[in-house]
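The values are calculated or read from the model by the stated rules, or taken from the named source; none is laboratory data. Remember, it's a predicted structure, so these values are computed and weren't measured experimentally. Cβ placement follows ideal geometry from the backbone for every residue including glycine, while neighbour counts extend to all protein chains displayed.
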Amino acid sequence: MVKAWWIIAVWAMPVALTAQNGLPFTGAGLLRASGGISPGFLLYGGSTNIYLNGKLEYFLEDRISMRGEGFWYVNSRQHPAPLDQNSQLAFGPFLHCIKGRLDLSAGVEAGLSFVHPANNWMAPLWAPQDPRMDPAPMRAVPTVALCGSLNYAVWDYLHFFLDLRMVRSRYYGSPLGTLNLDELVPSAGLGWQFPVKHVGPPSD
C-alpha cells in the first residue's frame with residue numbers, strides 16, 4: 001500500500017510542475033470524484049480490512065460540500081478473516097478551508113455497513129466452538145464517521161487527496177454478543193474535478 005502511494009506521488013509531480021499558472025477553480029458548483037484501494041484498521045479486532053472505494057463530492061457553496069462514499073469489502077489481511085462482508089455506504093456534509101490550491105476539510109458522515117461476521121470471529125474466545133452453529137446473518141448496521149481531508153489541486157481537472165475516516169460501528173446479536181467494528185480508514189490518490197456550475201472564485 002505504501003509503495004502504491006509513492007508511485008502516485010511520483011506520477012503526480014510532473015503534472016503539478018506543468019499545471020497552469022492560474023489557480024484551478026474551487027467553490028460552489030465544483031464536482032469531485034475519485035476511487036482507489038483503502039485499508040481499514042479494526043481498532044478492537046486486530047485485523048486490517050481491504051476495500052475498493054469510490055467518492056463523489058459536490059460543493060453547494062464555496063465552503064460547504066456534500067460527499068457520498070462507498071466501500072466494497074474485498075478481504076482481510078488476517079487469515080482466517082473475521083468478517084465475510086463489511087461493505088459500507090456513507091453520506092454527509094463537509095466544511096472547507098481553502099487557501100490557493102490547498103483545501104482542508106472536515107465532516108461527519110452517516111451511513112450503513114452491510115456486515116456478515118465469519119463463523120471464526122474471535123474463535124479462541126468461543127469455547128467450545130459448535131461446528132453446527134450457523135454464522136451470524138448479514139445485517140445492515142448504522143454507522144457514523146468523523147472525517148478529515150486534504151486536497152491539493154494540481155490541475156483544473158485533477159487533484160491529489162489524503163483522507164482519514166474514523167468509523168463507529170456495532171454488530172449486535174452475534175454468538176459472542178456485540179461486536180465492536182470501529183475502524184480507522186485512510187485513503188490517498190488522484191481524483192478528478194469538474195466545475196459543473198462556475199459562479200466565480202471562492203470568497204475570502
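Couple of notes before you dig in:
- Answer residue from region 97-144, given it is at pLDDT 85 or above and of a type in the set (G, A, S) and is farthest from E57 (Cα to Cα) among those: A140
- Region 148-165 - residue that is farther than 11 Å from A188 by Cα and among the small types (G, A, S) and, of those, farthest from the chain's Cα centre (by Cα): A153
- Once region 171-186 is narrowed to residues that are at pLDDT below 95 and in contact with a strand residue (DSSP E or B) (Cβ under 7 Å, 6 or more places away or on another chain), the residue that is nearest to G100 (Cα to Cα) is L181.
- Cβ pairs under 9 Å, 6+ apart, first in region 160-173 and under 15 Å from G40 (Cβ atoms) and among the hydrophobic types (A, V, I, L, M, F, W, C), second outside any strand (DSSP E or B) and at pLDDT 95 or above: M166/D182; V167/D182
Here is a yes/no grid of residues against (1) closer than 19 Å to N151 by Cβ; (2) at pLDDT 90 or above; (3) part of a helix (DSSP H, G or I):
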residue	(1), (2), (3)
E61	yes, yes, no
W72	no, yes, no
N75	no, yes, no
P80	no, no, no
S87	no, yes, no
L95	yes, yes, no
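- L164 vs. criteria modelled with pLDDT of 90 or more, surrounded by fewer than 18 Cβ atoms within 10 Å (Cβ to Cβ) and in contact with a Ser or Thr (Cβ under 8 Å, 6 or more places away or on another chain): yes
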